[in-house]
């Protein structure tokens, strides 16, 4: 990678629409009830969810879906868009993709808070992966080199620059130079579509990664 590199942001025509449709992977186990069966939430968006469950369902059918987030209950009616068997045996398991057709008025705010919370958890996991703190990291972290990558967002373009300065930029973030390329790209994509609160969270977590690198070095 050159010292300065400009990369375009891949966005849909309507960033707000893309954000609403974004499916967020759920870390951990969140119990979900769909119809008369119980399962686990796999991912979530403002439009629907993907669940793993033990009760078979058919494409095109509808049912009530609910789950709890931070002691608040989300409830809606959802339609099965797709369903498949993921394991057989004494206890067969299924995975289904659902589209919300009607969300209870009191659940609109619960869904919004759940999506924000899951996004923050994902950011923390991505940054942890950068330094190999998380066992889910895609590759072992290399030893710190004492240099860093500054990623700055200029309109629709990212500027990447190698630097020895450890200061986090106001228009992007700074990471150790040996950070995983896939995770950097993920953070850039998320940062470009995030609000200011989430962007500050990314900078804070990136600063922690840099501080660890400096300390080890």
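Observations
- Members of the range 24-40 that are closer than 19 Å to residue 118 by Cβ, at pLDDT 85 or above and in a strand (DSSP E or B): 31, 32, 33, 34, 39, 40
- Boolean, residue 185 is surrounded by 15 or more Cβ atoms within 10 Å (Cβ to Cβ) and either in the same structural domain as residue 45 (by TED's automatic domain parsing) or modelled with pLDDT under 85 (or both): no
- Filtered residue count, the range 191-214, keeping only those that are within 13 Å of residue 119 (Cα to Cα), surrounded by fewer than 20 Cβ atoms within 10 Å (Cβ to Cβ) and touching a residue at least 40 places away in the same chain (Cβ under 8 Å): 4
- Among the residues listed as 50, 73, 97, the single one being without any contact (Cβ under 8 Å) to a residue 60 or more places away in the chain, outside any loop (DSSP other than H, G, I, E, B) and either assigned by TED's automatic domain parsing to the domain that holds residue 122 or in contact with a helix residue (DSSP H, G or I) (Cβ under 9 Å, 6 or more places away or on another chain) (or both): 73
- Restricting attention to the range 161-190, the residues that are outside any loop (DSSP other than H, G, I, E, B), within 15 Å of residue 202 (Cβ to Cβ) and without any contact (Cβ under 8 Å) to a residue 12 or more places away in the chain add up to 1.
- Some residue of the range 104-113 being over 20 Å from the mean Cα position of the chain (by Cα), in a strand (DSSP E or B) and modelled with pLDDT of 90 or more: no
The values are calculated or read from the model by the stated rules, or taken from the named source; none is laboratory data. Keep in mind that what you see is a predicted model, and the values were worked out from it rather than measured. Cβ atoms come from the backbone with ideal geometry, glycine included; neighbour counts cover every protein chain shown.
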